[in-house]
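Notes for the one structure printed next.
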Amino acid sequence: MNGTLPPPGVTFPALAAIPLPPVSPLLLMLLFAGLLTALLLFIVLRLDAARRLRESNRQLAECTHRLALTSERCRRQELRAAKLLTLWKSERRHAAARLRQLGEAREELRLQFGQLARQIFDEKAVRFSELNRERLSAILNPFQQQLLALKEEIENTHRHDSHERISLQTEIFHLRELNQQINQEAINLTRALQGDNKVQGNWGEMVLERVLERSGLRRGHEYHCQGGFRDPDNRLLKPDVIIHLPTGREIIVDSKVSLASWQRYVNCHDEAERADHLVAHVKAVRDHITTLADKNYPAVAGVNSLDFVLMFMPIEAAFHAAFEHEPRLLDEAITGNVVVVTPTALLATLRSIENIWRFEQQSRNSLEIARRAGLMYDRFRAFVEDLDKLGRQLASCQSSYEAALLRLTRGRGNLIAQAEQLRDLGVQVKKELPRTVTDQAEITPNETPPTP
């Protein structure tokens, strides 16, 4: 049963067949009241149940509506979540691709910067080398030219010396011929002088002067003529020639030997008289050797003479005749510190002295050149040391510059990146940083300022 009352006029056959005992009116009334109460209670309960059912249906409808809304919202959220997941995956792929590209770009920039730095360093090194080469050339070229000039001068001097040696040998042969000619002229002149000692002395000095002129020595420089000195005994000494040596010493030359006996010896045709004249000639030579030995020129004040004196005999034949006739004259002359010379021997001696003077001058020039070369070398060494020091300082400056540039442009939060972020955030600047610096800076993606 559904709990509802039967419609009016409907009877229950089972109940009608049941015999009913007699019922009192009160009982019936009570029964009717009970039934009415039960009916009222049933109706109230039925209405309450209907109300509750309607409330439940309403709540169920609301819940169903809410469930539908929730389902729709969940579906939308799922769709949104799917879209967000797809977008996240896409963004993740794009971010990974961008990071990979940034890494490749960073590596490429690093390689380019390294290559650019090496290129700049190589260019600077080449420029520095060229500049050094130019400066060194400007300094070394004069030095090289001077060295070449010195080398050429030394070679010329060597060639000149070799030529002078050959010339000296040739000159000696010429002197031999000239001496023979002079001897012949002397013989003729002696015959013409007829024993005049004064004229003979002047002629001897003239021959000595000609020999000095041919020697290459300069009068007034390497030798002097007709000087006057006093010996310790206050005797006046007048040497014909004083020859100066590079060492400061001097050589005395005397040409006052008498040739009168030699003139008579040459002009005489009688053998006995010739022998007497030859003995007289030897005696005149010995007497003059003794006179020169007694003068003691090394002891004379104002003369720094050597230990010997040159006694000049202008005629070779007179010299040979005297010393061939009396060989002891040579020992006597050496004992008295006297060296007897003829024009040939004297010229050879003077040429040797001239060579000594020339070598001395060349030695002085060489010493001066060596001194100046030493000074130049010292200055060049100081310049090279300063240049080497400058190169090390430039290399140190280059290293410091590269280290400072790396600190400025590399690493997270470097100054270039932060400065660019401030500019991108709206900081007012008068001028941007140079592109050559900003292109070298490392700017990671999280350091890139957000776009407004």
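The values are calculated or read from the model by the stated rules, or taken from the named source; none is laboratory data. Just so it is clear, the model here is predicted, and its values are computed rather than measured. Quick reminder, even Gly has a Cβ in these numbers, built from the backbone with ideal geometry, and neighbours come from all protein chains shown.
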Note to self: Can you list the strands (runs of 3 or more DSSP E) lying wholly within segment 197-308 that have 2 or more residues being crowded, with 18+ Cβ neighbours inside 10 Å?
What the structure shows: 241-244, 250-254
Notebook entry, point to check: Within segment 145-159, can you find the residues that are out of contact with any helix residue (DSSP H, G or I) (no Cβ under 7 Å at 6 or more places or on another chain) and at pLDDT 70 or above?
Noted result: Gln145, Gln146, Leu148, Ala149, Lys151, Glu152, Glu153, Ile154, Glu155, Asn156, Arg159
Next item on the list: Scan segment 415-429 and report the pairs whose first residue is free of Cβ contacts under 8 Å to residues at least 12 places away in the same chain and whose second residue is assigned to a helix (DSSP H, G or I) and surrounded by 13 or more Cβ atoms within 10 Å (Cβ to Cβ), with Cβ atoms within less than 7 Å and a gap of 6+ or a chain change.
Entry: Leu415/Leu408; Val429/Arg423
Next item on the list: Please verify whether segment 122-141 includes one or more residues that are exposed (fewer than 10 other Cβ atoms within 10 Å of the Cβ), modelled with pLDDT under 75 and part of a helix (DSSP H, G or I).
Entry: yes
Notebook entry, point to check: Name the pairs: first residue in segment 195-212 and within 15 Å of Met311 (Cα to Cα), second residue exposed (fewer than 13 other Cβ atoms within 10 Å of the Cβ) and modelled with pLDDT of 80 or more, Cβ to Cβ under 9 Å, at least 6 apart or on different chains?
Noted result: Glu209/Arg219; Leu212/Arg219
Checklist line | Counted residues, segment 382-417 - those being in a loop (DSSP other than H, G, I, E, B) and farther than 30 Å from Leu433 by Cβ | finding: 0
